[in-house]
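Data block below; observations after.
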Amino acid sequence: MNYRSLGRTGVKINPLCLGTMSFGYRTDESVSNRIIHQAIDMGVNFIDTANLYGQPARDRKGQSLTDEILGRALKGKHEQIVLATKFYASMDRDDPNARGGSRRHIIQTCEDSLRRLNTDHIDLYQMHRPDPEIPIDGLKQKSFP
């Protein structure tokens with residue numbers, strides 16, 4: 001298997017990344033587990049998830065089920081995997097601070113993801129989309145639909 005550097009980090013990843021968006025929502029846990037383990041057996045070491053994966057878009061129940069499935073499936077295998085996850089999505093419709101790019105939401109979502117993923121680290125933590133309410137230092141602020 002040919003591996004590539006993840007940006008300038010020096011971390012080596014497979015050029016294929018296992019995306020997990022449907023795990024726990026359209027793909028049940030047993031099938032998700034088979035997919036995860038087969039990917040690892042084939043040399044895939046880069047897995048991507050997000051705080052909102054595993055939930056139906058209209059119904060906030062089952063939130064982050066994908067993280068929980070990954071946490072169980074990767075038990076004892078975390079060191080073999082480069083794990084990427086994302087934040088931004090609303091995690092509680094009734095809490096205006098449970099979404100977006102605020103420092104508070106980033107920290108809370110990271111802690112929640114670590115717990116659900118059953119790990120002590122995330123290799124790549126990304127903002128799922130820009131937050132027009134939070135300026136990015138040094139860049140001209142743009143509006144997003």
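The values are calculated or read from the model by the stated rules, or taken from the named source; none is laboratory data. Just so you know, these numbers come straight off a predicted model, no measurement behind them. Cβ coordinates were reconstructed from backbone atoms using ideal geometry, including for glycine residues, and neighbour counts include every protein chain displayed.
Just a few scattered comments:
- Comparison of Lys61, Lys75 shows that the only residue that is modelled with pLDDT of 90 or more, out of contact with any Leu (no Cβ under 8 Å at 6 or more places or on another chain), on the phi < 0 side of the Ramachandran plot and among the basic types (Lys, Arg) is Lys75.
- Selection within the stretch 31-45: residues that are without any contact (Cβ under 8 Å) to a residue 40 or more places away in the chain and either surrounded by 18 or more Cβ atoms within 10 Å (Cβ to Cβ) or in contact with a strand residue (DSSP E or B) (Cβ under 9 Å, 6 or more places away or on another chain) (or both). The member of this set that is nearest to Ala73 (Cα to Cα) is Ile36.
- Cβ-Cβ distances below 6 Å connect the following pairs, each with a first residue in the stretch 1-30 that is charged (D, E, K, R), a second residue that is surrounded by fewer than 16 Cβ atoms within 10 Å (Cβ to Cβ), and a separation of six or more residues or different chains: Arg4/Pro15; Lys12/Tyr3.
- Test: residue in the stretch 63-70 that is part of a strand (DSSP E or B), of a type in the set (A, V, I, L, M, F, W, C) and closer than 30 Å to Asn2 by Cα: no
- Unique match (being closer than 19 Å to Gly19 by Cα and of a type in the set (S, T, N, Q)) among Ser102, Ser113: Ser113
- Applying the condition of being among the charged types (D, E, K, R), over 13 Å from the mean Cα position of the chain (by Cα) and closer than 30 Å to Pro15 by Cβ to the stretch 75-122 and asking which residue is surrounded by the most Cβ atoms within 10 Å (Cβ to Cβ) yields Lys77.
- Answer residue from the stretch 92-145, given it is assigned to a loop (DSSP other than H, G, I, E, B) and basic (Lys, Arg) and is modelled with the lowest pLDDT among those: Lys140
- Checking Ser32 against (1) touching a helix residue (DSSP H, G or I) at 6+ places or on another chain (Cβ under 7 Å); (2) modelled with pLDDT of 90 or more; (3) under 22 Å from Arg129 (Cβ atoms), the condition it does not meet: (3)
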